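Encoded as structure tokens, the structure appears first; notes follow it.
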Amino acid sequence: MAQGNYFKCSFYAASLVLAFASGANAQPDEAHRVTNSSTGAIKAGPAAKKFITGWVLSMDGADVVVDLGADHGLHEGDLIELWRPVKLKHPITGKVVTDRFRTGNLTLVQVRGNLSWARPVGSLDRPVAIGDFVQRAVSPDTAGTPESARTPTEASASHNTNPSLSAGSETPQPDASRLTARDADAIEVAQLFEALQGHPPLDRAANYEHFVRTHRTRFARPLLEEAAILRGQTEGREAEATGVVHQVTIPDTVRPNRPLVIGLWMPGKHAGAVLQVRADTEPSYRPLPMKLTSPDYYEVVIPAEMMAPGVIALCIERVESDGKAYPLEGTASEPLRVTVRSEPEQAESSTHHGLVRLVTDYADWNRGRGNDYAWQTEGDIGIRLEDKGLRALRSGFGVYRGKGGTLDELDVYTVAPRSVGLTYGYLEGEFGFSSFVSLVGRATVGLGKDGVAGGGQAFVRLGNDLTTNLMLGGEVLGGIGLRGIAQLELKQFELFPIMLRSEVTNQPVGERSTVDSVSPGVPVVRDASDVGVRVIAQVGYRVLPSLTLALRGSYQGRTINHAGPGGGGAVIYAF
């Protein structure tokens, strides 16, 4: 591969020198010289024109941005020619054939130092495209022009500006009196190829890219194409070829109007690193030196004003002790791109999952005396749907057992407590009015000591069930009693979901008995229990992403002297 590229480079260099020697660089409208066929003498024709040449960098509506300006002697209203370069592979010989075609004229409407806005004059043969080049004829006599006002290619005719070439280069030099700006451009590129013979492919690619960045040359496109070919040959082996080990993480999408920090890990002895950044619509890069914040680690901050919505292009270059910059991540022609955009508005949640729960709870209302307590166990299975509309459906069963009575009957007259129980099933649904407000309802039917009994629950949920929320409501359970409920579910801690609950209830014996005793001569409680208050705290632990185990503790009482502790647990599995 390296040998093939060497011959390709030699072919380019030879072609450029041959073109210079044979006068192939003359333009179609340039003056020419006529040779006398009998004597071989050259007849002097009109003085040859010289041209300043630039490139189309971008387009903004009808405006075309070119890299020529006041520093090149141009003014508003000047006409410049628009040309389309063409590079084709000959189908017979296989050789690459290059030429250019004039597509029309542009007029300069705004002129700055190095850039201008131009607009088409009349109709064009082809639409303007990035990569087209423009030119304008200038006076052939530039001897009295200050070097700062001359084009880069004119200035290069008087001295070598290529840092890669040694002073002792043996490349033949043409007669300075016949050297034009275009000839100097060709000679400089030929010298570049000659100086890089035998260099590693990545070094040659880096030098070609550096030359295009620092010189105004009409060979920019073939030089960048050659650099891309050289890099493609060593793809995946860059660290091995250059000895540069590095790591950098650049996001694909970021938020607008916020500074972006780019970090680079690059061990070894290097002079530094530079981030080149620009908006995708801008023609030139802005260099941002990266700071060494710790050994082998560099950082740079892209300011917020550069992070406008759209796309930014960037590349990272390493700087060595010789002062030269070499591409490290991306190149000027093939940069890395980051999309800057606002996050889309969050859509309503559509989390679909199933849920299985088993909960058991014991409440002692009278200091362990066994005459006022309740034990309830429930299990259900359900599915969670959309936020709005029908949010969830659950179906389950429950077992309720307890003993109780009034304070006077239990504590003053020491009457035997009344036993109650209900084994029931239920169907529960939740309807969401929005992602924040929903209504929960339950219908219950079961069997108790006195036959079939029914009941139900109703709650208003404030907040989404997948996040922290508050439920307010109550329950009616036939043969058992009533209770009002306020329940807060805290889900800020992903591994430790917490539930806090308070109840006001007359359970477990919330209804008056219809019998006097369970057996002759044994009096039992006849009236309903007095109202009491329960406070419950439950803490869970997410053992697995889908499995949560929880323990609860409670304290309940009807008076300060008629109270007791409680406890329970829960297992919740999501699928």
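Only the coordinates and a few stated rules stand behind these numbers; no lab work does. What you are looking at is a predicted structure, and each value in this text was computed from that prediction instead of being measured. Glycine gets a Cβ as well: all are built from the backbone with ideal geometry, and neighbour counts include every protein chain shown.
Here are some notes:
- A cut-off of 5 Å between modelled amide H atoms, ignoring neighbours fewer than 5 places along the same chain, links residue 260 with 302.
- Backbone HN-Hα couplings from phi across region 452-458 [Karplus 6.51/-1.76/1.60, Hz, Gly and Pro as x]: 6, 9, x, x, x, 9, 8
- Using a cutoff of 8 angstrom between alpha carbon atoms and counting only pairs six or more residues apart, the relative contact order for region 244-340 works out to 32 percent.
- Most tightly packed first, judged by the mean number of other beta-carbon atoms within 10 Å of their residues, the peptides 492-502, 256-266, 459-469 read 459-469, 256-266, 492-502.
- Computed over Cα pairs, the Kirkwood radius of region 401-473 leads via Stokes-Einstein (0.692 mPa s, 37 °C) to a diffusion coefficient of 217 µm² per second.
- When Rg and Dmax are taken over the Cα atoms of region 244-340, they come to 13.0, 38 Å.
- Residues whose amide H comes within less than 5 Å of that of residue 511, counting only those at least five positions distant or on another chain, are 529 (H built at 1.01 Å from N in the peptide plane).
- The HN-Hα couplings worked out from phi for region 301-309 by the Karplus form 6.51 cos²θ - 1.76 cosθ + 1.60 (θ = phi - 60°) are 10, 7, x, 4, 5, 8, 9, 7, x Hz, whole numbers, x standing for Gly and Pro.
- √(5λ) per eigenvalue of the Cα gyration tensor, region 458-537, largest first, Å: 37, 12, 9
- Across all directions, the average flat footprint of the convex hull enclosing the Cα atoms of region 353-574 is 11.8 nm².
- Relative packing of peptides 421-428, 543-550 - highest average C-beta neighbours within 10 Å first: 421-428, 543-550
- Of the chymotrypsin sites (Phe, Trp or Tyr not before Pro) found in region 347-413, those that fall in a DSSP loop while having at most 13 other beta-carbon atoms within 10 Å are 413.
- Each residue in 435, 419 was given a count of other beta-carbon atoms within 10 angstrom of its own, and listing them fewest first yields 419, 435.
- Length available on full extension from residue 194 to residue 493: 0.36 nm per residue minus the Cα-Cα distance, which gives 100.9 nm.
- Cβ crowding within 10 Å, taken as a proxy for footprinting-reagent exposure, orders 89, 269 from fewest neighbours to most as 269, 89.
- Long-range amide H partners of residue 474 with built H, under 5 Å: 458, 485
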